[in-house]
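What follows is a short report on a single structure.
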Amino acid sequence: MRRASTLRFLGWIGGGLTFLGAAYLLASQISPWPGALLIRWALDTDGRRVSRALAEHVPSGVAAQLNQRYGTPQDADATLDLFYPAALEHGGGARPTVVWLHGGAWISGSKDQIANYARILAAHGYTVVGLNYSLAPAHHYPTPVRQANQALGYLTANAARLHVDADRLVLAGDSGGAHIAAQTAALITSSAYARLLHIAPAITPAQLRGMILYCGPYDMRHIERGEPRAFLLRTVLWAYSGYRDFAADPRFASATVLDYLSPAFPPSFISVGHADPLAAQSYALAAQLRRLGVQVDALFFPAAYQPQLPHEYQFDLDLPAARLALERSLAFLAERMAR
């Protein structure tokens, strides 16, 4: 009797799991929400782990202004953090400023997850801004691009209070944040692209001294069908674009920033791990910018490099490659921010 009851119970559990699995698969065909929430949970879990690991590398002597609202009171997502040398708390003044957009495939992540990396950069004499923006599927493209542009206007208008040198700005980002940063730079330096996106640039090209772009996607047409990550990529782009058949939607075509670069695009530092599934995107961006005559400082790794460097390798400062990337980023900043 007891054995039969146990078998019936296990059968109910198995049947329930089968039902839930079938329901999830069905829901994933109707809406991007189920898949997006699952991916968000995984990415945010990893993002918090990375942030904790970075904490031991954060030096002292960095002050902060947190949760500054750069948007309207109705836009709860439009907040930013600022980190800068603590000496500015007493003597005032502005520092060359890095505005960093976090990654997370447009559906996850937050400024909190990059805060420790921002503190590390700030300790080298910069004001570093960590930017929050609205996430998909609740919000669609190009909302984060509009917000990034709006944040630059806010930083310029409040430069003295925030210790921001509005004439020496560098846009930076990782993963999906690198894509948003690249689009923002493209609309600032190309009036045609700004008109296409219906976004009026909040700053001038002269204010934007450079770009730091890690592990980003820049060509939305590049979906590797049939590979293990194809489901993830299709779900993410469905969530972000708002259209299941995003590749056929003309309104999402402008997200392929690779097609809208110009010779006026800012000098750029570009890096990606050689084992990153998105590595080809960074290679293509660097090649296209060079064809346009834009100054590019690229940190790429040969196929035989060990250890394998995955997506977002730059945040693992226990890796020699990540420490090299930080050194190269700081050297690029020093060169671009010099008057």
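The values are calculated or read from the model by the stated rules, or taken from the named source; none is laboratory data. As the structure is a computational prediction, the values presented were derived from the model and not from experiment. Quick reminder, even Gly has a Cβ in these numbers, built from the backbone with ideal geometry, and neighbours come from all protein chains shown.
Among the residues that make up segment 250-263, is at least one of them in the same structural domain as S282 (by TED's automatic domain parsing), within 28 Å of D276 (Cα to Cα), of a type in the set (A, V, I, L, M) and part of a loop (DSSP other than H, G, I, E, B)?
Looking for residues that are in the same structural domain as S282 (by TED's automatic domain parsing), within 28 Å of D276 (Cα to Cα), of a type in the set (A, V, I, L, M) and part of a loop (DSSP other than H, G, I, E, B), one finds at least one in segment 250-263, hence yes.
For the structure I just gave you, tell me whether Q281 is within 20 Å of A206 (Cα to Cα) and among the polar types (S, T, N, Q). Don't jump to the end; show me each part of the working.
Numbers: within 20 Å of A206 (Cα to Cα): no; among the polar types (S, T, N, Q): yes.
Against the criterion (within 20 Å of A206 (Cα to Cα) and among the polar types (S, T, N, Q)), Q281 does not qualify.
Starting from residues that are in contact (Cβ under 8 Å) with a residue 24 or more places away in the chain and surrounded by fewer than 18 Cβ atoms within 10 Å (Cβ to Cβ), keep the ones in segment 125-138 and report whichever is nearest to H102 (Cα to Cα).
Within segment 125-138, the first condition is being in contact (Cβ under 8 Å) with a residue 24 or more places away in the chain, and the residues that meet it are 125-137.
Narrowing the set further to residues that are surrounded by fewer than 18 Cβ atoms within 10 Å (Cβ to Cβ) leaves 125, 134.
On the way: G125: 21, S134: 11 Å.
Looking at the filtered set, the residue picked out is S134.
Give the residue, chosen from Y154, Y133, Y126, that is over 23 Å from S175 (Cα atoms) and either touching a Gly at 6+ places or on another chain (Cβ under 6 Å) or among the aromatic types (F, W, Y) (or both). Full working, then the answer.
On the way: Y133 fails: over 23 Å from S175 (Cα atoms); Y126 fails: over 23 Å from S175 (Cα atoms).
Exactly one residue qualifies, and that residue is Y154.
Out of all the residues in segment 147-164, which are part of a helix (DSSP H, G or I) and either among the aliphatic types (A, V, I, L, M) or buried (at least 22 other Cβ atoms within 10 Å of the Cβ) (or both)?
First, the residues of segment 147-164 that are part of a helix (DSSP H, G or I): 147-157, 159-162.
Within segment 147-164, Q147, A148, N149, A151, L152, L155, A157, A159, A160, L162 qualify.
Could you please let me know if V62 is in contact with a Lys or Arg (Cβ under 7 Å, 6 or more places away or on another chain) and surrounded by fewer than 24 Cβ atoms within 10 Å (Cβ to Cβ)? Give the derivation first.
Details: in contact with a Lys or Arg (Cβ under 7 Å, 6 or more places away or on another chain): yes; surrounded by fewer than 24 Cβ atoms within 10 Å (Cβ to Cβ): yes.
For V62, the condition - in contact with a Lys or Arg (Cβ under 7 Å, 6 or more places away or on another chain) and surrounded by fewer than 24 Cβ atoms within 10 Å (Cβ to Cβ) - is met.
Report, ordered by the first and then the second residue, all pairs with beta carbons closer than 6 Å, sequence separation of six or more or different chains, a first member in segment 293-313 that is in a loop (DSSP other than H, G, I, E, B), and a second member that is loosely packed, with under 13 Cβ neighbours inside 10 Å.
Correct list of pairs: G293/P263.
If I filter segment 69-90 for residues that are modelled with pLDDT of 85 or more, in contact with a Leu (Cβ under 9 Å, 6 or more places away or on another chain) and in a helix (DSSP H, G or I), do I get at least one hit?
no
For segment 126-146, how many residues meet the condition of being in a loop (DSSP other than H, G, I, E, B) and either within 21 Å of R40 (Cα to Cα) or within 14 Å of the chain's Cα centre (by Cα) (or both)?
Within segment 126-146, the first condition is being in a loop (DSSP other than H, G, I, E, B), and the residues that meet it are 126, 132-142.
From what is left, the residues that are either within 21 Å of R40 (Cα to Cα) or within 14 Å of the chain's Cα centre (by Cα) (or both) are 132-142.
Qualifying residue count, segment 126-146: 11.
Please go through segment 242-301 and pick out each residue that is of a type in the set (S, T, N, Q) and surrounded by fewer than 18 Cβ atoms within 10 Å (Cβ to Cβ).
T256, S262, Q295
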